[in-house]
Amino acid sequence: MPEVTAETTDIFEIMHTMRAMRRLKPDPVPDELIRKILLAGQAAANGGNTQRWRFLVLKNHPGKKVVQGYYKKLFDEVVGPRYRNSTPPPGSDQPKQLRQMAANQYLTDHYHEAPVWIVACLEGDNPGYSSGASIYPAVENMLLAARTLGLGSTLTTRHIGYAKECDEAMGIPPNYHSYAILPIGYPMGRFGPVGRGPLSEVVYLDGWGKPYPGI
Ligand SMILES: Cc1cc2nc3c(=O)[nH]c(=O)nc-3n(C[C@H](O)[C@H](O)[C@H](O)COP(=O)(O)O)c2cc1C
């Protein structure tokens, strides 16, 4: 397999090597790079271009440790047991799944130590399909931008299991909700190919369940 470079501007290489980077160094990230990531987020599609989003950057905020407590509680009670009892997803296998679980445990223990969090928030009372559709494009843009700059991150939403408590701890007002937390930092490991199942199993042509022979 060809060498995977940390910094690249090839969008296809970026997408195919943007795996969840859960082990991050505590080294500070320059504001100039955080600005680039935030500008990429703000460039995203959003319903009616209403831009009801807010991007809360947390570096040294005490709420990070509070949220980590809930994040860990959810790992211990829900996510950890689920990992142990589930079969590997398409494109993965038992050893890969165990490595992913170890990385997940690592991020869980060190969540608050990521030098930068970007908390993607949206105004409105009813988090659901349509509100999510107006914030997750910005989240993905920010992940792509971080990857382009050689920074690691992971889309995380587990804290939503204690949404009210976590939003309060981060100082988010009641008319806004956090939809994702991106812990960002320089990665300890290397970027590498994401594991997904065969394309032919998830793509249909001209009818549900009908194969698309051309791809
Ligand atoms: C909606 C959503 C929520 C996620 N929440 C978390 C999370 O709370 N913690 C975490 O470590 N990863 C989280 N992830 C990352 C997924 O676990 C990851 O994308 C998946 O395992 C594929 O990993 P890969 O891209 O490295 O192959 C989330 C991803 C999505 C799309």
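What the table shows:
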item	result
3 or more residues more than 25 Å from PRO198 (Cα to Cα) and out of contact with any Phe, Trp or Tyr (no Cβ under 6 Å at 6 or more places or on another chain): qualifying helices (runs of 4 or more DSSP H) within the stretch 77-178	94-110, 129-132, 136-148, 163-169
Residues of the stretch 16-37 classified as in contact with a helix residue (DSSP H, G or I) (Cβ under 7 Å, 6 or more places away or on another chain) and in a helix (DSSP H, G or I), total	2
Residue list for the stretch 151-168, restricted to those being farther than 16 Å from ALA114 by Cβ and either crowded, with 18+ Cβ neighbours inside 10 Å or among the acidic types (Asp, Glu) (or both)	ILE160, TYR162, GLU165, ASP167, GLU168
Given (1) of a type outside the set (Phe, Trp, Tyr); (2) within 16 Å of the ligand (Cβ to nearest atom); (3) exposed (fewer than 15 other Cβ atoms within 10 Å of the Cβ); (4) part of a loop (DSSP other than H, G, I, E, B), index of the condition THR9 fails	(2)
Where ASP76 falls short, out of the listed (1) under 19 Å from the mean Cα position of the chain (by Cα); (2) within 18 Å of TYR106 (Cβ to Cβ); (3) within 16 Å of the ligand (Cβ to nearest atom)	(1)
Residue match in the stretch 197-213 (condition: within 12 Å of the ligand (Cβ to nearest atom), in contact (Cβ under 8 Å) with a residue 12 or more places away in the chain and buried (at least 17 other Cβ atoms within 10 Å of the Cβ))	no
From the options SER134, SER130, SER86, residue that is farther than 13 Å from ALA20 by Cβ, away from the ligand (no atom under 13 Å from the Cβ) and more than 17 Å from the chain's Cα centre (by Cα)	SER130
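No lab work stands behind these numbers, since they all come straight from the coordinates. From a predicted model like this one, the values you see are computed outputs, not experimental measurements. FYI the Cβ positions are ideal-geometry reconstructions off the backbone, even for glycines, and counts take in every protein chain you see.
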